Amino acid sequence: MSPTLATVLRLHEVLGALPELDELVELRWALMARSQADPQATWCAAPSSALAEARHLAPEALAEAAFHAQSTLHTYVDELFRRLQPCLAALGRGDRPALAHGWIDLGRWLETWSLLDRAERCYRAACAIAASLTDKRAEIRALRRWGRVQLARGALAEARAHFRRAAELAAGADDAREVVRALLGWGEVLVLQGDWGGASDLHRQAHDALERADPAGAWPREWGRLLLDRGRLALFRRRLDEAEAWLDEAQRRLPPARDPATAVDHALWHHCQGQLRRAQGRDAEARRCWEAGLELPLPLLAWLFLVADLMLAYEEAGLGPLADEYRAEAERRVLAAHSPYALAVLYHALGNLGRLRRQADAFALFERALELARAEGYERLEAELWLDYARWRAAVGEREEALVCLDRAGDLLMRLGLEPLADEARALRTAWSSG
């Protein structure tokens, strides 16, 4: 039963009353997870029940949340020190390769907690130790993981440098598999930066390396990812027939989705296939592609990116109730996940849904997403948010405010080297200024 008005605590007021202490981050997440949407509340004008302004708490939930947060922190610290033990043992016996690999493993574990900045510090420490080693495997691995984190955060120049260095070291070590993995990461950066010719060259180098080292196709994941990345690049370049050919071949070569990593590969394939069908004007097939991707055993972010596309597709097709079903499920999952990145992505997706619906109050979603992106250092996401926020401002008739958002987007996109989106921002500015 819902709490009565006399016993309701408004979530945004509870969160606002807490001091800004790092140790209370888990408590904030626990409070959000235990709150309930209250769309009937007269004080709520928020456009999404994922916003704190649209949620309430029973007083007894405060103690429950505090207990859960304390347990979560104990679990985190206990597991952190358990994982530190082999690192400290390696340090004690002077085993530098084992220590470097230990910091990499710790960084990967920290990524599962969405602690990207801490993971990055582990990869930096691993690189510092591994740089003097003759065996370059640890340094290559650390550079690739470091590049992945930087790619997620939008630090594209740094990600590019680390993938490139990993590829050079792997080539020097005659490790073809690591060469391919590093080249593909480097290629992802170039695609985002609009250097499509450079990305295509890297794809050819990766193909040549695979042909020499694995002609029998014993590395299906590397082959599948290469073909998938070629399909994504063709989509960016609007070469739809070429994209279809690459994606068909990628589907044949990718290994079955037996674990989170391979499931994410298949989710990316469904995402690209849906975008291809959409570009071909086959919207119903696009929706079916994304729906099929959601049947995979996906981690939250991969699931959320598919849902973001699907919600917009449903809304554009006049299937608003289906969009709202996924919206409610996304809100439930993200609020339980304790991931600031996932929450920012959710607010972005819901802001875009509000843009299609011309909701005048959707600004709260963009503002909250921008607040999270700036606080956590998600620069690429921040740039994309400013661009979509500008579109929403224009959609509700706020042309001057839209141009301000567009300028912020353009400045950040240029600094990050996201040339295709920067070109898009410039084109919008020209159109809106003359309109």
Residues (more than 19 Å from Ala234 (Cα to Cα) and not acidic (Asp, Glu)) located in the stretch 258-289 | Arg258, Pro260, Ala261, Thr262, Ala263, Val264, Ala284, Arg287, Arg288
When the stretch 57-72 is examined, which residues are found to be under 15 Å from Leu24 (Cβ atoms), surrounded by 15 or more Cβ atoms within 10 Å (Cβ to Cβ) and either touching a Leu at 6+ places or on another chain (Cβ under 7 Å) or among the hydrophobic types (A, V, I, L, M, F, W, C) (or both)?
-> Leu62, Ala65, Ala66, Ala69
Name the pairs whose Cβ atoms lie under 7 Å apart, with the first residue in the stretch 197-213 and within 12 Å of Val179 (Cβ to Cβ) and without any contact (Cβ under 8 Å) to a residue 24 or more places away in the chain, the second small (Gly, Ala, Ser) and in a helix (DSSP H, G or I), and 6 or more positions between them or separate chains?
-> Leu202/Gly187
Which condition breaks for Pro321 when tested against (1) without any contact (Cβ under 8 Å) to a residue 24 or more places away in the chain; (2) farther than 20 Å from Ala37 by Cα; (3) of a type outside the set (Val, Ile, Thr); (4) surrounded by fewer than 19 Cβ atoms within 10 Å (Cβ to Cβ)?
-> (2)
Name the single residue, out of those in the stretch 117-143 being surrounded by fewer than 16 Cβ atoms within 10 Å (Cβ to Cβ) and of a type in the set (A, V, I, L, M), that is nearest to Gly107 (Cα to Cα).
-> Ala128
Flagged in the stretch 237-281 as under 23 Å from the mean Cα position of the chain (by Cα), outside any helix (DSSP H, G or I) and among the basic types (Lys, Arg), in numbering order, are Arg237, Arg258
Failed criterion for Asp38 (all others in (1) more than 30 Å from Leu350 (Cβ to Cβ); (2) modelled with pLDDT under 95 hold) = (1)
Any chance the stretch 224-244 includes a residue that's at pLDDT 95 or above, surrounded by 23 or more Cβ atoms within 10 Å (Cβ to Cβ), among the acidic types (Asp, Glu) and under 20 Å from Ala159 (Cβ atoms)?
-> yes
Counting only residues in the stretch 16-37 that are more than 25 Å from the chain's Cα centre (by Cα) and assigned to a helix (DSSP H, G or I), the one nearest to Ala337 (Cα to Cα) is identified as Gly16
Selection from the stretch 85-95 of residues out of contact with any Phe, Trp or Tyr (no Cβ under 8 Å at 6 or more places or on another chain) and crowded, with 16+ Cβ neighbours inside 10 Å yields Pro86, Ala90
List every residue pair whose Cβ atoms sit under 6 Å apart, with the two residues 6 or more apart in sequence or on different chains, where the first one lies in the stretch 108-123 and is without any contact (Cβ under 8 Å) to a residue 12 or more places away in the chain and the second, anywhere, is assigned to a helix (DSSP H, G or I).
-> Arg118/Leu110
Would you mind finding the one in Glu295, Glu285, Glu291, Glu329 that is of a type outside the set (Ser, Thr, Tyr), without any contact (Cβ under 8 Å) to a residue 40 or more places away in the chain and not in a helix (DSSP H, G or I)?
-> Glu295
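Rundown of residues vs (1) under 16 Å from the mean Cα position of the chain (by Cα); (2) crowded, with 19+ Cβ neighbours inside 10 Å; (3) in contact (Cβ under 8 Å) with a residue 40 or more places away in the chain; (4) within 24 Å of Trp186 (Cα to Cα), yes/no style:
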| residue | (1), (2), (3), (4) |
| --- | --- |
| Leu343 | yes, yes, yes, no |
| Tyr347 | yes, yes, yes, no |
| Asp361 | no, no, yes, no |
| Leu381 | yes, yes, yes, yes |
| Ala390 | no, yes, no, no |
| Gly417 | no, no, yes, yes |
| Asp423 | no, no, yes, yes |
| Arg429 | no, no, no, no |
| Ser433 | no, no, no, no |
Just name the residue that is farthest from Ala250 (Cα to Cα) out of those in the stretch 298-314 that are assigned to a helix (DSSP H, G or I) and touching a Pro at 6+ places or on another chain (Cβ under 9 Å).
-> Tyr314
Within the stretch 366-399, residues farther than 20 Å from Ala157 by Cα and either small (Gly, Ala, Ser) or in contact with a Pro (Cβ under 6 Å, 6 or more places away or on another chain) (or both) come out as Ala369, Leu372, Ala375, Ala390, Ala394, Ala395, Gly397
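The values are calculated or read from the model by the stated rules, or taken from the named source; none is laboratory data. Only a predicted model underlies this, so the values are computations on that prediction, with no experimental measurement involved. Please note: Cβ atoms are built from the backbone with ideal geometry, for glycine as well, and neighbour counts cover all protein chains shown.
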